[in-house]
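Each remark here refers to the structure printed beneath this line.
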């Protein structure tokens, strides 16, 4: 687009009220219209992988929980999957069900949290307070089942750390009933409010082709009509038995437009889907062991002997999260640990979403992918005290080099 | 005479400030209750002002200092002056006979202009965007506001009251009972328009576009701090009272003293108290309830909304009043 004298640059971030975490956007704007955007991540790199590779695997598990406060079950679930694959550990069925229940509870609270944040970005604080008030029900259940509101410490290699007792079951059913009763009201306030619709319809549109080419994941991709969900495409745990289907706005009887409104629709649908999944898991959950290694020293000894590599994938509330782990015999920790959070895949879709929108749309478009910067920041290149930027060509060249090196 | 007027003015302005801050406190408390929160104590606005008064007054490097400092003072003075022209309950305006509704309209626009000037003078991107938005907002809501005022004044004049632009005359002539059914409908439309213009004039959600905390971090106020910010805050408090008082003066200028047959000091006190309740009711209906029930709109949506539906409604109200004149006389 043409540059004129009235074009100027607006920096948003690394610290800005619209951003809950640190990232820097530089918008080129003309009046209120956005001509282009430059996204610069890298402000919250904490060297988590480096720390993990210097600790034993059980410590890494707790570290992985602290990658993200919201997805604090997603990362450990993926890590244990990867390690179990590498070390050849079986997981008892009951443990698999418990993992699914807790991760669906997490999706529930994450989507409700997002709904509140989105409402706040729109300047609709009443909706923020409403969403966060009803979110307390699922937080209470998480605390009841795991002992914590965040960082649940549920998965362990070979199973889970806590069982769900029969007395707890009715409380969970009570919560499911509460949300089902509330669902109509919630979808009414979000989907039928004229001011919400005015601010989200045809805003931040991501075309299906763009979503496909830029590898968008999670609700961001599904709102553009891509039926893409790890739980459906590559079933793991007991998701294979649950007939999980990736939901798009079509399932709500709407035409797919890929805008922010569609992203609200998809997340609301997923709240209902998670309720169904939790209910079904509770009904079908078999009795039995919850872990194949009740004693930690035995587990550590087994892991120390293990050799191999594993990949774990999971549909976190924001999209696909992947962990890669390589274990070497005689070593307590992983020799390689690689984490890919969903936000990483959803960064590039931001660029077409921001194009030709208005300054007023920046917060809601930024929030629409439900970004989590500290999950995503994995690399920060610093040379002699100064940050360095690598282009696509440079990165390609380096990865070719590495492949050649690996192939010997 | 002059000395007495100065004393009266000082009393009105101080009273207005006090009242404005109390209304702000009530607004915050009630909004919080409607959102399921506890909310701040009623005296929170007073605490805020006291705190801001002792905070550092930062001036950005690229700012135009004299304009940057002048803007909050200009806003406060203009907002205070409006109050002196408005009838407050049974009391006539302090400056009766020295200016009229047209002047009030201009004075109401001054704080907004001052804020825009301050925003531009700050010389940073967010404040510049905020200032541009403020100007667009003003261009949007000023016309329907003028139509409302002209409609009321014209109908008052046709009933043989003069000078028609005097607020004392307008508020002394409650039109509702003097016009026919068409006129009542027209007046209702004009009242509706004025109630929609009120939150826009006061930059409250859904029209808090020039400040838009989540978008431009406070917009034209982003660079202001300390005393300057406190002055803008006080100007806003005064403007809230002024807008409420304007709506009351134009549309609900009724008193209770006459109904109960009171006289003297008691009548004055009852009328002033009733006036405060009316102003609060207006502020509650058009600011508090609206800002709790809506999301922030975008500036183009607001401009379109004011230029087409609201202006049309205001003009329709005016036409109805004209028809009413033709029918009733």
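The values are calculated or read from the model by the stated rules, or taken from the named source; none is laboratory data. What you are looking at is a predicted structure, and each value in this text was computed from that prediction instead of being measured. Every residue, glycine as well, gets a Cβ built from its backbone with ideal geometry; the counts of neighbours run over all protein chains shown.
Structure summary
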item: Residues of the stretch A:64-104 satisfying the condition of being under 17 Å from residue A:235 (Cβ atoms) and under 13 Å from the mean Cα position of the chain (by Cα); result: A:74, A:77, A:78, A:103, A:104
item: Scan of the stretch B:58-88 for residues that are in a loop (DSSP other than H, G, I, E, B) and surrounded by fewer than 16 Cβ atoms within 10 Å (Cβ to Cβ), ordered by number; result: B:58, B:61, B:62
item: Verdict on residue B:185 being surrounded by 21 or more Cβ atoms within 10 Å (Cβ to Cβ) and on the phi < 0 side of the Ramachandran plot; result: no
item: Lone unmet requirement of (1) under 18 Å from the mean Cα position of the chain (by Cα); (2) modelled with pLDDT of 85 or more for residue B:29; result: (1)
item: Single residue of the stretch A:206-243 satisfying the filter (within 12 Å of residue A:353 (Cβ to Cβ) and touching a helix residue (DSSP H, G or I) at 6+ places or on another chain (Cβ under 6 Å)) that is surrounded by the fewest Cβ atoms within 10 Å (Cβ to Cβ); result: A:210
item: Flag for residue A:77 being surrounded by fewer than 23 Cβ atoms within 10 Å (Cβ to Cβ) and either more than 14 Å from every other protein chain (Cβ to nearest Cβ) or touching a helix residue (DSSP H, G or I) at 6+ places or on another chain (Cβ under 8 Å) (or both); result: no
item: Wholly within the stretch A:317-379, helices (runs of 4 or more DSSP H) carrying at least 1 residues that are within 14 Å of chain B (Cβ to nearest Cβ) and touching a residue at least 24 places away in the same chain (Cβ under 8 Å); result: A:350-354, A:362-368
item: Test: residue in the stretch B:36-57 that is within 14 Å of another protein chain (Cβ to nearest Cβ), exposed (fewer than 15 other Cβ atoms within 10 Å of the Cβ) and in contact (Cβ under 8 Å) with a residue 40 or more places away in the chain; result: no
item: Subset of the stretch B:72-84 [closer than 18 Å to residue B:271 by Cα and either without any contact (Cβ under 8 Å) to a residue 12 or more places away in the chain or over 13 Å from the mean Cα position of the chain (by Cα) (or both)]; result: B:84
item: Members of the stretch A:30-59 found to be within 14 Å of chain B (Cβ to nearest Cβ) and either within 25 Å of residue A:116 (Cβ to Cβ) or touching a helix residue (DSSP H, G or I) at 6+ places or on another chain (Cβ under 6 Å) (or both), listed by number; result: A:32, A:34
item: Tally of residues being over 18 Å from the mean Cα position of the chain (by Cα) and surrounded by fewer than 24 Cβ atoms within 10 Å (Cβ to Cβ) across the stretch B:137-154; result: 2
item: Index of the failed condition, residue B:281 passing every other in (1) without any contact (Cβ under 8 Å) to a residue 24 or more places away in the chain; (2) farther than 30 Å from residue B:51 by Cα; (3) away from chain A (no Cβ under 14 Å); result: (2)
item: Hits in the stretch A:113-150 - residues which are without any contact (Cβ under 8 Å) to a residue 12 or more places away in the chain and in a helix (DSSP H, G or I); result: A:120, A:125, A:126, A:133, A:136, A:143
item: Single residue of A:203, A:196 found to be within 14 Å of chain B (Cβ to nearest Cβ), part of a helix (DSSP H, G or I) and surrounded by 17 or more Cβ atoms within 10 Å (Cβ to Cβ); result: A:196
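This table checks each residue for (1) touching a residue at least 40 places away in the same chain (Cβ under 8 Å); (2) within 21 Å of residue B:248 (Cβ to Cβ); (3) within 14 Å of another protein chain (Cβ to nearest Cβ); (4) part of a helix (DSSP H, G or I).
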{"residue": "B:182", "(1), (2), (3), (4)": "yes, no, no, yes"}
{"residue": "B:190", "(1), (2), (3), (4)": "yes, yes, no, yes"}
{"residue": "B:196", "(1), (2), (3), (4)": "yes, yes, yes, yes"}
{"residue": "B:204", "(1), (2), (3), (4)": "yes, yes, yes, no"}
